[in-house]
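Engineer: Structure incoming, see below.
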Amino acid sequence: MEGLSVLDVEGTKSVSLPGQRVAQVPPIGRADAEALAGEPAHWEQVTDRRGAAVWRVSGPHGLWALKVGTGEGAATVARETAVLQQTHSVVPGLSYGGRAKAGRGAGSAWLITPWLNGASTWSRFETVRQQHDEDRSSALAAAVDVCQAVAALHAAGWVHGDLQPHHTVHTSGAVRLIDCTWASGPLLAPSHTFLGGLLHLMSPELMHRVEAGTRPVVTEPSDEVYALAAGLWWAATGTWHRDYAAAGVDPARFTAAVLRGLLLRNRLPHGHITHWPQLEEVLQYALLRPASARPSAEQMGQWLRQIGPG
């Protein structure tokens with residue numbers, strides 16, 4: 001699917017097949033979504049996980065995404081709303097938030113944003129993962145654009161908190177950063193419930209801060225550069241940069257807390273990007289350097305631009 005909502009997490013969508021129960025259209029936020037999309041509006045549920053469900057709403061006036069959070073999900077939707085309200089005018093990658101609408105209900109929260117038409121970074125690297133395309137210029141351009149978008153985010157004093165290749169969407173002329181619930185910046189402190197994002201992309205320094213027990217956990221730009229490099233490795237190979245198999249570790253067998261401890265006690269070897277060693281060299285440099293010597297997102301983008309797609 002090329003059109004990704006700002007809240008599409010895994011790059012997939014739910015499809016109503018014959019005989020399946022179609023999810024009920026949410027009562028809260030519905031009137032606002034249909035007013036924006038126009039009548040008649042077509043509803044399609046995209047995701048429903050961790051207390052938050054997302055619908056794609058299409059109509060004669062355009063495409064929109066409605067996210068509704070209930071229970072614990074209400075707090076995450078409300079926080080994402082706060083992030084977009086504060087960043088849309090200062091962070092280019094979050095500028096779509098300037099058109100957002102939001103509201104609260106009894107034990108619920110909703111957020112409407114424009115539906116973002118474009119491919120995720122994960123999708124842009126599909127042919128690289130499959131090793132079917134010798135011309136990697138599209139993937140390389142996507143990687144450079146993501147680095148520039150993250151650099152602009154950091155320049156504005158913000159961090160995303162959950163960078164991964166499914167959370168960056170390449171729209172016409174710009175990269176948009178989605179799933180920004182855990183972002184923090186000058187006027188929004190990190191959430192006390194945030195524990196560092198996707199574990200496999202976390203820097204050792206960030207893992208140490210999580211394990212230290214101090215709350216809130218603060219994400220530094222250097223941690224995000226690590227996540228950016230680890231995420232691009234994942235997008236290019238379909239595997240994590242840490243070679244769990246070589247170390248005899250099955251990460252699926254451990255809870256996040258146990259796996260964090262294991263990774264901090266044992267320096268696992270890194271794998272290789274055998275089909276694109278030039279990309280591996282840049283990403284390995286960012287992954288192996290200590291935080292104080294890690295390149296910035298802007299520097300990593302410059303290095304990626306120089307390697308060429310061959």
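Nothing in this text is a laboratory measurement; each read-out follows from the coordinates by a stated rule. Keep in mind the model is a prediction, meaning the values are calculated, not measured. Cβ atoms come from the backbone with ideal geometry, glycine included; neighbour counts cover every protein chain shown.
Engineer: List, largest first, the extents of the alpha carbons of the chain along their principal axes, each in whole Å.
Structural biologist: 54, 46, 43
Engineer: For the chain, what is the relative contact order in percent, using Cα pairs closer than 8 Å and at least 6 residues apart in sequence?
Structural biologist: Values: 565 pairs, mean separation 49.4, N = 310.
Relative contact order for the chain comes out at 16 percent.
Engineer: Taking only complete DSSP H runs, can you tell me which helices of the chain stretch 20 Å or more along their own long axis by Cα positions and average at least 0.0 on the Kyte-Doolittle scale? Please list the in-between numbers first.
Structural biologist: Working: long enough: 72-87 (24 Å, -0.10); 137-155 (27 Å, 1.33); 221-237 (24 Å, 0.42).
In the chain, the long hydrophobic H runs are 137-155, 221-237.
Engineer: Summing +1 for each Lys or Arg and -1 for each Asp or Glu, what net charge is found among the other residues whose Cβ lies under 14 Å from the Cβ of VAL249?
Structural biologist: On the way: positive: ARG242, ARG253, ARG260, ARG265, ARG267; negative: ASP243, ASP250.
Neighbourhood net charge equals +3.
Engineer: Same structure again: Taking only the C-alpha atoms, wrap a convex hull around segment 71-153 and report its volume per residue in Å³ as a whole number. Before the final figure, lay out the partial values.
Structural biologist: Details: hull volume 9.3 nm³, N = 83.
It is 112 Å³ per residue.
Engineer: Suppose only helical runs count, i.e. DSSP H with n ≥ 4. What mean residue ellipticity at 222 nm does that imply for the chain under -39500 (n - 2.57) per run, divided by all residues and rounded to the nearest 500 deg cm²/dmol? Write down the numbers at each step before the final one.
Structural biologist: On the way: 10 runs with 111 residues, N = 310.
Computed ellipticity for the chain at 222 nm equals -11000 deg cm²/dmol.
Engineer: Measuring from centroid to centroid over Cα atoms, what is the spacing of segment 102-143 and segment 37-75 in Å?
Structural biologist: Centre-to-centre distance over Cα atoms comes out at 17 Å.
Engineer: Calculate how large, on average over all directions, the projected area of the Cα convex hull of segment 153-270 is; give the answer in nm² to one decimal.
Structural biologist: For the Cα atoms of segment 153-270, the hull's average projected area reads 8.0 nm².
Engineer: While we're on this one: Using the Cα gyration tensor of segment 216-310, with a ≥ b ≥ c the square roots of its eigenvalues, what is the shape: rounded (a/c below 1.5), prolate (a/b larger than b/c) or oblate (neither)?
Structural biologist: Details: a/c = 2.32, a/b = 1.32, b/c = 1.75.
Because a/c hits 1.5 or more and a/b fails to exceed b/c, segment 216-310 counts as oblate.
Engineer: Starting with the highest mean, order 152-159, 101-108 by the number of other Cβ atoms within 10 Å, averaged over the residues of each peptide.
Structural biologist: Working: 152-159: 19.8, 101-108: 14.6.
Taking the mean over residues of other Cβ atoms within 10 Å, the ranking is 152-159, 101-108.
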